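Structure first, commentary second.
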């Protein structure tokens, strides 16, 4: 007997909601979109039509009229807590688009609501599900990079003035929560946390140098200290014309790895039970790169080419959440994991404001 499909309500009908709708359509054998919620009824109707889903102007209307078990939150970031808490208080499971919220306190409010509800929450951090990221974290867990010493997360992107002018909420503290780091850079910051562990202190600078009519930063640089003693460097910008790469570097005393635009471009590891060869100074160049020597999953090299670049990482995170609902897996990226990235980013903002290092709690 076929299990009934899980019924979803999608809150928000903007750009990112279309990505979620695409994933939902790919998983139509397991999930069913039954409601789309947005104050802009025309936008909601356009998104709902292919699914034959009902349209509502508010979540309370949708929950009153539709039997749903999962609410997907795709509203502006500064409204995530309001929507997620409303859903949790109604006993629903929740998927939240990144980041969970604009502050640690508002994220903690969602955590408290989840604890009271006893339901599941995941925050979209799809790049943790990229094959490149999974290979890196697996190598770290096996000790193949040795003691982790440092990491670099760099987001070198461009957003034109038209991007910020395209929505009243863009570039605002209240609804965007920040700029280059909070909106664009949170995924790469999250991967740095996945690799290096718990952050404990941050010091940073921010600036708004290439855009008008925005409250938030378009360039930021910071140093992060981790519980292990490892040091991380952050660079996030939407003022890098014409736009370059998102890059993660992770370094240890037995190996290093580099991921660029989701692709594993460099890796050098040493089995945990083997010593590294003593060298007066290290080598650089292609001869140290072990990418070609690694055994990768069959779907690691997609048709578009390049190791580890996959378009269905969102789908993998949805599959993890569905498995968690069934009790066969645990939620891999919950509120507490996302909270660490938010703490780093808001810590950078506080440090830039005060000129002092910020302890993270």
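Nothing in this text is a laboratory measurement; each read-out follows from the coordinates by a stated rule. No experiment lies behind these values; they were computed from the predicted model shown. Don't worry about glycine lacking a Cβ; one is built from the backbone with ideal geometry, like all the others, and counts go over all protein chains shown.
Overview of results
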{"read-out": "Rough spin-label spacing in nm, given labels placed 7 Å along Cα→Cβ, for residue 156 and residue 215", "value": "3.2 nm"}
{"read-out": "Potential lengthening between residue 329 and residue 28 on full extension [0.36 nm per residue; Cα-Cα distance subtracted]", "value": "106.3 nm"}
{"read-out": "Sequence-separation-based contact order of the chain, relative, with Cα cut under 8 Å and 6+ spacing, percent", "value": "18 percent"}
{"read-out": "Candidates 148, 27, 234: whichever shows maximal mean-square fluctuation once the chain is modelled as a Gaussian network with Cα springs under 10 Å", "value": "27"}
{"read-out": "Residue-span extension gain [residue 286 to residue 61] - 0.36 nm each, minus C-alpha spacing", "value": "75.1 nm"}
{"read-out": "Alpha-carbon centroid distance for the pair region 179-235 / region 256-285, whole angstrom", "value": "24 Å"}
{"read-out": "Structure-based [θ]222 nm, the chain - -39500 (n - 2.57) summed over DSSP H runs of at least 4, per residue, nearest 500", "value": "-9500 deg cm²/dmol"}
{"read-out": "On Cα atoms only, tilt of 80-89 relative to the major axis of the chain in degrees", "value": "60 degrees"}
{"read-out": "Antiparallel DSSP beta bridges within the chain, as percent of all bridges there, nearest 5", "value": "55 percent"}
{"read-out": "Label-reachable residues, region 112-151, where backbone N falls under 18 Å from a point 7 Å from residue 272's Cα toward its Cβ", "value": "134-149"}
{"read-out": "Listed residues 211, 235, 314, most fluctuating in the chain (Gaussian network, C-alpha, under 10 Å)", "value": "211"}
{"read-out": "Helix 131-141 axis, angle to the chain major axis (alpha carbon atoms, nearest 10°)", "value": "60 degrees"}
{"read-out": "Protection proxy ranking of 96-107, 12-23 - average other beta-carbon atoms within 10 Å, highest first", "value": "96-107, 12-23"}
{"read-out": "In degrees, nearest ten, helix 186-196 long axis to first principal axis of the chain (Cα)", "value": "50 degrees"}
{"read-out": "Over region 78-137, relative contact order from alpha-carbon pairs under 8 Å, at least 6 apart, %", "value": "37 percent"}
{"read-out": "Förster-model FRET efficiency, 35 Å R0, residue 354 and residue 166, C-beta, rounded to 0.05", "value": "0.65"}
{"read-out": "Listed residues 146, 91, 282, most fluctuating in the chain (Gaussian network, C-alpha, under 10 Å)", "value": "282"}
